[in-house]
Amino acid sequence: MSLNIEELARANVRALTPYQSARRLGGNGDVWLNANEFPLPVPFELSQQTLNRYPECQPKIVIERYAAYAGLTPEQVLVSRGADEGIELLMRAFCEPGKDAILFCPPTYGMYSVSAETIGIEYRTVAALDDWQLNLPAIADQLDGVKVVYMCSPNNPTGNLINPDDIRKLLDMTAGKALLVADEAYIEFCPEATLASWLQEYPHLVILRTLSKAFALAGLRCGFTLANKPVIDLLMKVIAPYPLATPVADVAGQALSEQGIALMRQHVAELNANRAWLFEQLPQISVVQQVFPSETNYILARFTDSPKVFKTLWDQGIILRDQNKNPGLAGCLRISIGTREECERLIAALQALSVEQA
Ligand code: PMP
């Protein structure tokens, strides 16, 4: 009898559509504007020659430096393999598969649902309002049995911040029942909006951060979960024994040094200037219907014929992120902010397309 390996797998894994990361989608580009990465590499040298030894589970210097950077104490910080691991650790520590649920508000980051499906946890969605703010009454109706609410601010892929007054209401609504996880992957592009100081007031608030965006280290795979000690202690029970390779901790420590943080801030200023330039240019192009405000290193825009724009630019090696099938985002493409030259190439390609269509 032949063994059908597929049938051996868990039912939810058989049914799972894996996350379509930019790398999995592929493409043959030289202008990569599809993964919200920093456009240029930052050089680092490895200082540790101790690969015969296992690494520290929570490297002290990384934790201390991140805590200082975030204005928190070391016991409020957990480091993991990207913010993606933080998203999953929260579900594994707080949600009983088959019983508890998570909730989030699409359109938003795709890994909340993928992690829930992988682990076998129900996920509930409450569509964001037309201005992509929270639909609080609809969330209140759906909270029964929900253990973790994921809220992305600034939101990927729309680029907007969530209103702080609404976040307070959501924190009141979830108090004693569920965690509210604020995904701040892009917070360095609007640092004044962080909720880090709110941790003093709310024991059920959790914040996710990453070195993948403003710190220009997507390839490092290093992210942070910020929360009060009782939450961190529970996550420490389920995290892998050695979540960070020694070279990862080595580079993360350097990135979080005073010079590393200063360099990150300089990069943010450059990208924000390029974003302002794109905001001037994009509305002047006839195939661009609407440009949404952004507090991040990407811009969401709606096009008259987005599949054609996507394909034409793809063929020229300019790779954007298609959002056409995302709820509420018909005709939309997400554009990561690149170097000034990359932004200029994008605008030139869109202008050529507009002339062709005129
Ligand atoms: N949250 C959001 C909103 C993101 O866009 C991303 C990166 N795509 C992540 C979390 C995951 O970041 P990391 O690279 O640290 O896993």
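What FRET efficiency would be calculated for the residue pair residue 177, residue 138, taking the C-beta separation as r and a Förster radius of 25 Å, to the nearest 0.05?
Details: r = 16 Å, r/R0 = 0.66.
The calculated FRET efficiency here is 0.90.
Quickly work out the residue 192-to-residue 127 label distance, labels modelled 7 Å from Cα along the C-beta direction, and quote it in nm with one decimal.
It works out to 3.3 nm between the two label points.
Quote the relative contact order of segment 60-257 in percent (integer), defining contacts as alpha-carbon pairs under 8 Å separated by 6+ residues. Numbers along the way, then the final one.
Details: 353 pairs, mean separation 52.2, N = 198.
After rounding, I find 26 percent.
Keeping all protein chains in place and using 1.4 angstrom, which order do 312, 73 fall into by accessible surface area, from largest down? Spell out each step's value before the answer.
Values: 312 35, 73 65 Å².
The ordering from most to least exposed comes out as 73, 312.
What FRET efficiency do you get for residue 245 and residue 340 if R0 is 41 Å and r is their Cβ-Cβ distance, rounded to the nearest 0.05?
Numbers: r = 34 Å, r/R0 = 0.83.
In this case the efficiency is close to 0.75.
In whole Hz, what ³J(HN,Hα) sequence does segment 327-337 give by Karplus (6.51, -1.76, 1.60; θ = phi - 60°), x for Gly and Pro?
These are the phi-based 3J(HN,Hα) values: x, x, 10, 4, x, 9, 10, 9, 10, 6, 7 Hz.
Where both residues lie in segment 60-257, what percent of DSSP beta bridges are antiparallel, nearest 5?
Roughly 30 percent of the DSSP beta bridges within segment 60-257 come out antiparallel.
Run the simple label-point estimate for residue 352 and residue 10 please: 7 Å along Cα→C-beta, distance reported in nm.
4.8 nm
Given only helices, namely DSSP H runs of n ≥ 4 each adding -39500 (n - 2.57), what is the per-residue ellipticity at 222 nm of the chain, to the nearest 500 deg cm²/dmol? Display every interim value, and only then the final one.
Working: 13 runs with 136 residues, N = 358.
Using -39500 (n - 2.57) per qualifying helix, the result is -11500 deg cm²/dmol.
Want the number for residue 277 to residue 305: 0.36 nm per residue separation, take away the alpha-carbon distance, what's left? Please list the in-between numbers first.
Numbers: separation 28, 0.36 × 28 = 10.08 nm, distance 2.31 nm.
Once the chain is fully extended between residue 277 and residue 305, it gains 7.8 nm.
Counting pairs of alpha carbon atoms under 8 Å apart in space and at least six apart in sequence, what relative contact order in percent does the chain give? Intermediate values should be presented prior to the final figure.
Values: 635 pairs, mean separation 80.5, N = 358.
Result for the chain is 22 percent.
Among the helices of the chain (complete DSSP H runs), which have Cα atoms covering no less than 20 Å along the helix axis and a Kyte-Doolittle mean of at least -1.0?
Values: long enough: 258-281 (35 Å, -0.40); 340-357 (26 Å, -0.16).
Length and hydropathy pass: 258-281, 340-357.
Compute the distribution of all C-alpha to C-alpha distances in the chain, in bins of 10 Å from 0, and list the percent of pairs in each, rounded to whole numbers.
All Cα pairs, binned at 10 Å, distribute as 5, 24, 31, 26, 12, 2, 0 percent.
Hey, rough spin-label estimate for residue 48 and residue 19, points 7 angstrom out along Cα→Cβ, what's it come to in nanometres?
2.3 nm
Which value in Å is the Kirkwood Rh of segment 60-257 over different Cα pairs? Please list the in-between numbers first.
On the way: mean 1/r = 0.0596 Å⁻¹.
For segment 60-257, the Kirkwood estimate is 16.8 Å.
If amide hydrogens are placed 1.01 Å from N in the peptide plane, which non-local residues have theirs closer than 5 Å to the one on residue 210?
Those qualifying (amide H under 5 Å, at least 5 residues apart or on another chain) are 224.
The values are calculated or read from the model by the stated rules, or taken from the named source; none is laboratory data. Owing to the predicted nature of the structure, the values given are computational and were not obtained by experimental measurement. Every residue, glycine as well, gets a Cβ built from its backbone with ideal geometry; the counts of neighbours run over all protein chains shown. Please note that ligands, DNA and RNA were not included when accessible areas were found on the heavy atoms of the full protein model with its side chains. Shrake-Rupley method; radii C 1.70, N 1.55, O 1.52, S 1.80 Å.
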